[in-house]
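Let me begin by presenting the structure, written as structure tokens, before commenting on it.
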Amino acid sequence: DDGSQKPMSNTDADGASTISDDYECTHPPYKVHIVSKSPSVLYITDFVTPEERLHLQEITKSTFSHSRVQQGQPGSSHPSSNSPASYPQSSARDSNGILHAVRTSQSTTAPPSDPVVKCISQRALSFQGLSPSSSSSSSSSSSKSSNHHDQHLEPLQLVKYAKGEHYHYHTDWFTDPSLSRSSQGGNRVSSFFAYVKVDDVTGGGTNFPLLEDPSRGSEARGPGEEEQGGQGGRGRGRGDGENGDKGEWWWCRYVDCDEEYENGLTFLPLEGNAVYWENLRPENGQGDQRTLHAGLPVTSGEKIGMNIWTRQLPLPEELRGGQANEGVKVSG
Ligand SMILES: O=C(O)CCC(=O)C(=O)O
Ligand SMILES: [Fe+2]
């Protein structure tokens, strides 16, 4: 019973937003749905609040630049613009030497010292059962304790797509071992991809071609198992919210139920929601190819997403984006 919600930001004379002095990090009551157990893929509704989403847009507004992607490893990663020193261009040659644009979006990193960014980072750590640092808000007194995992997080990366832009199939885990050395934090254990802004967007889903669409029954596609009359009419049973092997119709709120079966699973871009998955096989720490995914072309509107990547090991300071690097655009 409170009309007493603290405003996250005040708008100053320039229309720029600043966090109010009494901002406190609180976590919204997000909900988690299991998409797949192997690999582990979870869908989270309301993971990022409307206020946080606006704030993220405001603090990164003028800092986007064309994303860079690992060379020779089309799209295997797209480190933050101020992350490891020299990442080559957003295109790569295939085995025939043909140059492809693997990523046409723009990206930037969110300043790690921003209170809202810290709050979301801590949420992402807690979600994974990892411990955030002891102080969540104002006091930035100590970072002495080694019993927390803040250092396992890469700076949050925002990705912006205008009409026609996309990000080709890739894994978030590094396929090049030289990029996942222990001295560099190891590989990316997990990914969150959250939808920060989805403005009049058509297209722009996140497609996992090797995952099974949970709205489809696992049995429903056997010969003779075809169901009739479901909208979409492709054998998807109406599960009426019950578990079962006929698939669950309610998933069509979150996944593209018009996606062709051959194309696997496509999450709809829905503001505030996030997809979480584990990149490495739990049994041996090797990259899981089944996590291959793409940002499908945005055919109209503008989409902004956010990557939250957790490393196996602490990242060295320079890759965590010290204050000095904040908001710096990469030239070239
Ligand atoms: O834009 C998307 O839907 C996915 C983007 C993505 O996979 C990434 O930035 O690593
Ligand atoms: Fe990705």
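The values are calculated or read from the model by the stated rules, or taken from the named source; none is laboratory data. Bear in mind that the values here come from a model prediction, so they are computed numbers and not experimental data. No Cβ is skipped: glycine too gets one built from the backbone with ideal geometry, and neighbour counts run over all protein chains shown. Heavy atoms of the whole protein, side chains included, go into the accessibility calculation; ligands, DNA and RNA do not. Shrake-Rupley method; radii C 1.70, N 1.55, O 1.52, S 1.80 Å.
Before moving on, here are some points about what is shown:
- Those residues of segment 253-262 which are open to solvent by less than 60 Å² (accessible area, probe 1.4 Å) and under 20 Å from the mean Cα position of the chain (by Cα), in sequence order: Tyr254, Val255, Asp256
- Given (1) away from ligand 1 (no atom under 14 Å from the Cβ); (2) under 19 Å from Val102 (Cβ atoms); (3) among the acidic types (Asp, Glu), index of the condition Asp172 fails: (1)
- Sole exception among (1) over 23 Å from His152 (Cα atoms); (2) at pLDDT 95 or above for His293, by number: (1)
- Which numbered condition Ser215 misses (of (1) crowded, with 23+ Cβ neighbours inside 10 Å; (2) within 15 Å of ligand 2 (Cβ to nearest atom)): (2)
- Enumeration of residues in segment 185-209 that are assigned to a loop (DSSP other than H, G, I, E, B) and within 14 Å of ligand 2 (Cβ to nearest atom): Asn187, Gly204, Gly205, Pro209
- Only one of the numbered conditions (1) of a type in the set (Val, Ile, Thr); (2) open to solvent by 60 Å² or more (accessible area, probe 1.4 Å); (3) farther than 29 Å from Leu319 by Cα; (4) modelled with pLDDT of 95 or more is not met by Thr45, and that is (2).
- Residue list for segment 268-297, filter: within 16 Å of ligand 2 (Cβ to nearest atom) and farther than 28 Å from Cys252 by Cα: Gly287
- Every pair of residues 6+ apart whose Cβ atoms lie under 8 Å, when the first sits in segment 155-176 and is under 15 Å from Pro297 (Cβ atoms) and in contact (Cβ under 8 Å) with a residue 60 or more places away in the chain while the second is more than 12 Å from ligand 1 (Cβ to nearest atom) and aromatic (Phe, Trp, Tyr): Lys160/Phe64
- Residue in segment 62-69 that is modelled with pLDDT under 50 and either under 20 Å from the mean Cα position of the chain (by Cα) or not hydrophobic (A, V, I, L, M, F, W, C) (or both) present: no
- Qualifying residue in segment 11-34 (condition: within 17 Å of the chain's Cα centre (by Cα), modelled with pLDDT of 95 or more, in a loop (DSSP other than H, G, I, E, B) and of a type in the set (S, T, N, Q)): no
- Close pairs (6 angstrom Cβ cut-off, 6 or more residues apart or separate chains): farther than 29 Å from Pro314 by Cβ and open to solvent by 10 Å² or more (accessible area, probe 1.4 Å) in segment 189-200, in a strand (DSSP E or B) and away from ligand 2 (no atom under 13 Å from the Cβ) anywhere: Lys197/Ile304; Val198/Lys303; Asp199/Gly301; Asp199/Glu302; Asp200/Gly301
- Pairs are defined by a Cβ separation below 9 Å, a sequence spacing of at least 6 or placement on different chains, a first member in segment 202-218 that is more than 17 Å from Ser38 (Cβ to Cβ) and free of Cβ contacts under 8 Å to residues at least 12 places away in the same chain, and a second member that is charged (D, E, K, R) and assigned to a loop (DSSP other than H, G, I, E, B); no pair meets this definition.
- Segment 251-297 - residue that is in contact with a Lys or Arg (Cβ under 6 Å, 6 or more places away or on another chain) and not acidic (Asp, Glu) and, of those, farthest from Val41 (Cα to Cα): Pro269
- Once segment 309-329 is narrowed to residues that are touching a strand residue (DSSP E or B) at 6+ places or on another chain (Cβ under 7 Å) and away from ligand 1 (no atom under 16 Å from the Cβ), the residue that is modelled with the lowest pLDDT is Lys329.
- The residues of segment 275-308 that are more than 11 Å from ligand 1 (Cβ to nearest atom), assigned to a strand (DSSP E or B), surrounded by 16 or more Cβ atoms within 10 Å (Cβ to Cβ) and not aromatic (Phe, Trp, Tyr), listed by number, are Glu278, Leu280, Gly287, Gly301, Glu302.
- Residues that are open to solvent by 10 Å² or more (accessible area, probe 1.4 Å) and within 27 Å of Cys119 (Cα to Cα), drawn from segment 263-272: Leu268, Pro269, Leu270, Glu271
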